[in-house]
Amino acid sequence: MFNKQLIIGNLKPTFPVIQGGMGVGISLSSLAGHVAKCGGIGIISGAQIGYRDKDFIKDPLRANLVALKQEIKQAREIASNGIIGVNLMVAMKHYAEYVKAAVEAKIDLIISGAGLPLDLPKYTKDSDTKAVPIVSSAKAATIICKQWDRKYNFAPDAIIVEGPLAGGHLGFSAAHLENSPLLEDIILEVKEVVKEYSEKYNKSIPVIAAGGIYNGEDVAKMLEKGADGVQMATRFVTTHECDASLAFKEAYINSTEETIGIVKSPVGMPGRAILNTYITSPQGNKACFFDCLHKCGVTDIPYCISKALINAVTGDVDNALLFCGSNAYKATKLEYVEDIFNEIESALVIA
């Protein structure tokens, strides 16, 4: 249909678009399934995915593993012939268990960031599941490719390059964000890195742009600049099919460019979110409820990030961390996933 088709091994979506994984609970089976049904690649976020389980607080690992497999099954029911993946953060405790559960569920691809997924091929290499790391620099791509090559005789099936305009946790220091390179420049640098491994393993390694891509025009621009595909997340939040509460979606629609900013997460990383007093002047319980992430402050945190994100997805937006991309303020209404793909199709056909 278009000049450039995204091909990740045997996975060939109609559109060169991956829907970004958004936790906690923002992108589950409904959003991922409908994106896949429309011809994109739908992504379920594994972050605290079992938060609705009645025994979640007592046994979060069990609840999360059960929910992960259930959400994959439900997404498949929505899009029986679609491409479904999961986003699993390296920073999560029990990361290996989540990866193994996703592979057992025969997920099409696993996307991993929030750290370097140096051992991801250990669990995916002998399966049909594709391994896709997220990086923010050519240096990170080099480290991953070298490690996977040396230790597992394996190369990434694709690489997502997340730029400084993305939502949620960012792979840049706060200082670096102000003088960060353009996403298209990082894309070209990463493409140079993967050439060696693409040739060695006789496989295409598409490089996918992420961060600040909101509409069809943005998609066409990134493809023109050299990306093999794009990852979009923020745009899909304000869809009817998104798994988040209506209040969360309305927070995007009511946001302005001025109310979106960089916050310091309890895990010590900068992140982009809608600013509210809960985050900018935290007064609540500083206890860690879940001990779910490596490097979380636990005893010295402004708020529990899992609790804040669960508040967000369930609609308690005044006591929540409202992660979003830089263009969230552009949302003016609820729309359907199909509407977004129709817009993208029009832009790509014209381009």
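Within segment 143-155, the residues that satisfy the criterion of being open to solvent by less than 40 Å² (accessible area, probe 1.4 Å) and assigned to a helix (DSSP H, G or I) are Ile144, Cys145, Gln147, Trp148, Asp149, Tyr152.
Let's see how each residue does on (1) basic (Lys, Arg); (2) in a loop (DSSP other than H, G, I, E, B); (3) at pLDDT below 95:
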site	(1), (2), (3)
Lys4	yes, yes, yes
Thr14	no, yes, no
Val24	no, yes, yes
Val35	no, no, no
Gly39	no, yes, no
Lys58	yes, yes, yes
Val66	no, no, no
Lys73	yes, no, no
Val103	no, no, no
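Among the residues of segment 258-271, which ones are closer than 14 Å to Leu322 by Cα, open to solvent by 10 Å² or more (accessible area, probe 1.4 Å) and either in contact (Cβ under 8 Å) with a residue 60 or more places away in the chain or among the polar types (S, T, N, Q) (or both)? Result: Thr259, Ile260, Ile262, Lys264, Pro270.
Quick grid of which residues meet (1) part of a loop (DSSP other than H, G, I, E, B); (2) open to solvent by less than 10 Å² (accessible area, probe 1.4 Å); (3) at pLDDT below 95; (4) basic (Lys, Arg):
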residue: Ala47; (1), (2), (3), (4): yes, no, yes, no
residue: Tyr51; (1), (2), (3), (4): yes, no, yes, no
residue: Lys100; (1), (2), (3), (4): no, no, no, yes
residue: Ile111; (1), (2), (3), (4): no, yes, no, no
residue: Gly115; (1), (2), (3), (4): yes, no, yes, no
residue: Ser127; (1), (2), (3), (4): yes, no, no, no
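Does Ala155 qualify as being of a type outside the set (S, T, N, Q) and in contact (Cβ under 8 Å) with a residue 60 or more places away in the chain? So Ala155 does not fit the description; no. Within segment 304-333, the set of residues being open to solvent by 60 Å² or more (accessible area, probe 1.4 Å) and at pLDDT 95 or above comprises Tyr329, Lys330, Thr332, Lys333. Meeting the requirement of 1 or more residues that are under 28 Å from Gln147 (Cβ atoms) and modelled with pLDDT of 95 or more, the helices (runs of 4 or more DSSP H) wholly within segment 161-250 are 183-200, 216-224. Checking each residue in segment 187-213 for being out of contact with any Gly (no Cβ under 7 Å at 6 or more places or on another chain) and not aliphatic (A, V, I, L, M) picks out Glu189, Glu192, Lys195, Glu196, Tyr197, Ser198, Glu199, Lys200, Tyr201, Asn202, Lys203, Ser204.
The values are calculated or read from the model by the stated rules, or taken from the named source; none is laboratory data. Here the structure is a predicted model, which means the values were calculated and not measured. Every residue, glycine among them, receives a Cβ derived from its backbone with ideal geometry; neighbour counts consider all protein chains shown. These area figures cover heavy atoms from the full protein model, side chains too; ligands, DNA and RNA do not enter into them. Shrake-Rupley method; radii C 1.70, N 1.55, O 1.52, S 1.80 Å.
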